[in-house]
1. For region 245-397, go through all pairs of different Cα atoms, get the mean of 1/r, take its inverse, and jot down that Kirkwood value in Å.
2. Give me 367, 297 sorted ascending by neighbouring Cβ count inside 10 Å, so fewest comes first.
3. What order do you get for 61, 66, 118, 225 when you list them from fewest to most C-beta neighbours inside 10 Å?
4. Go through the chain and flag any cysteine with no other cysteine's C-beta closer than 4.7 Å, please.
5. Over region 112-227, what relative contact order in percent results from Cα pairs under 8 Å that are six or more residues apart?
6. Which number comes out as Rg/Rh for region 175-256 once both Rg and the Kirkwood Rh are worked out on C-alpha atoms?
7. Looking at the square roots a ≥ b ≥ c of the eigenvalues of the Cα gyration tensor of region 128-276, which shape do they give, rounded for a/c under 1.5, prolate if a/b is larger than b/c, or oblate?
8. Remind me, what semi-axes does region 58-439 give for its equivalent ellipsoid, largest first in whole Å, using sqrt of 5 times each Cα gyration tensor eigenvalue?
Amino acid sequence: MQLPKHMKIAAGSAGAAIFGVLFGWVIFPTILKSLLKKEMALSKKTDVRQMWQKIPFPLDFKVYLFNYTNADEVQKGAIPIVKEVGPYYFEEWKEKVEVEDHEENDTITYKKLDTFYFKKELSGPGLTGEEIIVIPHPFLMSVVGVVHRDKPAMLSMMGKALNGIFDNPKDIFARVKALDVLFRGVVINCARTDFAPKAVCTALKKEAADQLIFLPNNQYLFSLFGKRNGTTDSHVVTVLRGTKNVMDVGKVIEVDGKPKMELFKDSCDEFQGTDGTVFPPFLTESDRLQSFSGDLCRSFKPWYQKKSSYRGIKTNRYIANIGDYANDPELQCYCDSIETCPPKGLMDLSKCVGAPMYVSLPHFLDCDPKILEDVKGLNPDVSEHEIAIDFEPITGTPLVARQRVQFNIRLIKTDKMELCKDLPDTIAPLFWIEEGLQLNKTFVNMLKHQLFLPKRIVGVIRWLLVAFGTLGTLICLVYHFRDRIMHLAVSSESTSAAKVNPEEVEQNNISVIGQAREPTKVDM
C-alpha cells in the first residue's frame, strides 16, 4: 500500500528530527573527539607539533629587580628596605632543538633553546637597562651559602678568597647596571695568585661551569640569565607524543635518560605532568593539571578556580602557588625532614641549582607573614602576583598564562666571616619574573575557525533539524487524522447536549403558574 504524500512528509520530518539528535549529540562529538585526538598528538604532521617545537611568536618576559635603599644599614643588621624597579621587558623566543622521534615507544626527545631580546620601549617608564641597582651580590652570597651549608670550617678561608676576588668589598652588595646583572654579566676577577682566591676560582671553574662565562686572563662573567640566552640547554628531555593515548601528550618520562631525579624522596623525585608547553585535551573542572619544571626541579599542580573567557572563547582558569611544605603531605618529601621544611610559601632550591636560593610568589604573596615582616617595601597583590593560566578546555590550549616567581637569597649571619658577622639573617628578595603567554588575534581566529565555527554551525543545524522535523511531523499527523479528530470533537459536543440534568426533571413537576396546592376538600 502506498503512503499518501503527507505521511511521506511526516516520515521524512521524523527522520530529520532523529538524524538531528543522532548527528548533533552523538555522531559529530564522536568525530570531533577522534579528530582532536589525532591533531593534539605530537606526531610530525600536526599543527600542534609545529607550534610545540617552535612557538611562532615571542613570550613576554618581564623582570623586576629589588633595589636596596638602605644597604649600609642592612650590612649592620637592619631590616632591608627595598624598592621595586621594572619591568625590564624582553621578548622570549622558545624553540626545541635536536628533536628525535622514537616510534617504538611513542616518545620524542629534545633540548631547549631560549633567546631573549631587550625591548626598551616596552619596559617601565624611563628604564634603559643602564640604571645602577643595589642588590645583595647573588654570586657572592651563593658561594657563602654553599660553604656555610657544606663546609662551615672553611668559612674563614672563604672570607680571604672573596676579599681577593672582589677587591676587599665593604659589604655584600653589588652596585651594578640592570642589564649587566641580568644578561651581559658582572666581572669576577680570578686573575689572582694568592692561595685562597686561586683555590676558590679553580673550584668555580669546575663546579659552576654552567653558570659562568669564561673570558681570557681568568676573568669570569656572572649573570642571572646570560648563560641561558641563545645557548642550547644541556639536558635531554623525553616526553610522550600521545599518538597512542592523547591524554599522555607531552608527559615527561625521562630527563638525561633517567626516569626520576634522585634529589628528593618518594614521589617528589618523579617527573609528574607535561613539560609545560602542551596539555591534554577534554579538560573538565575536576581535572587536576600537572606540569614539570626542570628549572625548579619539581612538578606543579594548578587547580581550577573559575570560568573565564578570552577574545570570545570560553576558558577555565587555573591557579597555582608554591605551597606549604611542612603541612602538605604531598610536598613533605621535598624536605629531609618536616623540621627542615622551609616556611610556608618558600621553596628551597639548594638541591636543584646548588645554590641556597629560595623561590616564592612575588612580594612574598601567600607566604608566612613573618617572612614579609622582615622586609619593608613589599606589597603583595593577588591580581599582580599570582600564577594564573586560562585554558580552552576542549583542546587543552593555554590562551593566556601568567607564570610569576620570585627568587630570594638568605643573608647569612656568621661570625666566621667579617662580611657576614652583622647581617640580619633574613630571606631577602632579589628579583621576580613574569613569563607571559597571550595568543594573538591570528591564532585565536585560527582556533575559532577550525574548532568553534564548525561546532557552532553543527549546533544550529541540529536544533533546526529537531525543531522543524518535530513540527513537520506533528502537522502532518494532525492533517492525516483530521476526520477522526473532527468526529471525536462532534461526538463530544452531542453527548454533552444529550445529557439531562436531574434538577431539570424535578423542575418539570413544578407549575409555571404557581406552587401546587392540595385539592380543596368538599364536604358531602
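Each value in this text was obtained by applying a stated rule to the coordinates, not by laboratory testing. Computed from a prediction, not measured in an experiment: that's the story for all the values here. Heads up, the Cβs are rebuilt from the backbone with ideal geometry, glycines too, and the neighbour counts pull from every protein chain shown.
1. Over region 245-397, the inverse of the mean reciprocal pair distance is 16.9 Å.
2. Ascending Cβ contact count within 10 Å gives the list 297, 367.
3. 225, 118, 61, 66
4. 367, 420, 476
5. 26
6. Reported Rg/Rh (Cα atoms, Kirkwood Rh): 1.22.
7. The shape class here is prolate.
8. Output for region 58-439: semi-axes of 36, 24, 22 Å.
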